[in-house]
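Taking it in order: structure first as structure tokens, then the write-up.
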Amino acid sequence: MIKYIMDNKKLDNKEKELVDRALNKLDKQIRIIESTGTPFEKIFNNDSIKYDVLGKSFYTYKFIAENSSQIRILYRFVRKDQNDYDIECHKVEVKRRSGKEYIKKFEEYVKAYTE
């Protein structure tokens, strides 16, 4: 299940749609990999699912839409039982230039969240 922890009122409708599409795609990718017998916790070297790893349970997801819009999503994977999990969307950054400026905001958030 996908849960929004963040306040997505700061996003316009197009950005909200992009985030929804991105999270649904992420969920689908995780389900496909898990259906092959590899649990999320054992996924390594897969930038399409875990673009950045922050702390013990936070990850970034990189999504590029058809119109080349790029977003980065800070999410947390929460295992509920062997076959069920939640994806918590904590922060979203709509990328407008190259570089990884968003990562500092994400790191500060994770640090504050886990303390």
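The values are calculated or read from the model by the stated rules, or taken from the named source; none is laboratory data. Only a predicted model underlies this, so the values are computations on that prediction, with no experimental measurement involved. Cβ: placed from backbone, ideal geometry, glycine included. Neighbour counts: every protein chain shown. Only protein heavy atoms, including side chains, enter the accessible area calculation; ligands, DNA and RNA are left aside. Shrake-Rupley method; radii C 1.70, N 1.55, O 1.52, S 1.80 Å.
Quick notes
- Pairs spanning more than 22 Å between alpha-carbon atoms, out of Lys10/Lys62; Lys10/Lys95; Lys16/Lys42: Lys16/Lys42.
- Folded to 0 to 90 degrees: helix 13-35 orientation relative to the chain principal axis, Cα: 20
- DSSP beta bridge pairing in the chain, given as percent antiparallel to the nearest 5: 90
- Once backbone amide H atoms are built at 1.01 Å from N, Tyr85 has Lys80 as its partners under 5 Å, excluding neighbours fewer than 5 places away on the same chain.
- Phi to ³J(HN,Hα) by Karplus 6.51 cos²θ - 1.76 cosθ + 1.60 over segment 107-113, Hz, x for Gly, Pro: 5, 5, 4, 4, 4, 5, 5
- Stokes-Einstein diffusion for segment 64-115, with the hydrodynamic radius set to the Kirkwood value over Cα pairs and evaluated at 4 °C in a medium of 1.567 mPa s, equals 101 µm²/s.
- Ratio of the Cα radius of gyration of the chain to 2.2 N^0.38 Å, where N counts its residues: 1.03
- Annotation for Asp84 and Thr36: the two label points, set 7 Å from Cα along the Cα-Cβ direction, are 2.6 nm apart.
- For Phe58, net neighbour charge (Lys/Arg +1, Asp/Glu -1) across residues whose Cβ lies under 11 Å away: +2
- Percent carbon-and-sulfur accessible area, the chain, ignoring ligands, DNA and RNA, probe 1.4 Å: 47
- Candidate aspartates and glutamates - alpha carbon under 16 Å from Lys56, same-chain residues fewer than 8 apart omitted: Glu41, Asp86, Glu88, Glu107, Glu108, Glu115
- Percent RCO, i.e. relative contact order, over the chain, from Cα pairs under 8 Å lying at least 6 residues apart: 25
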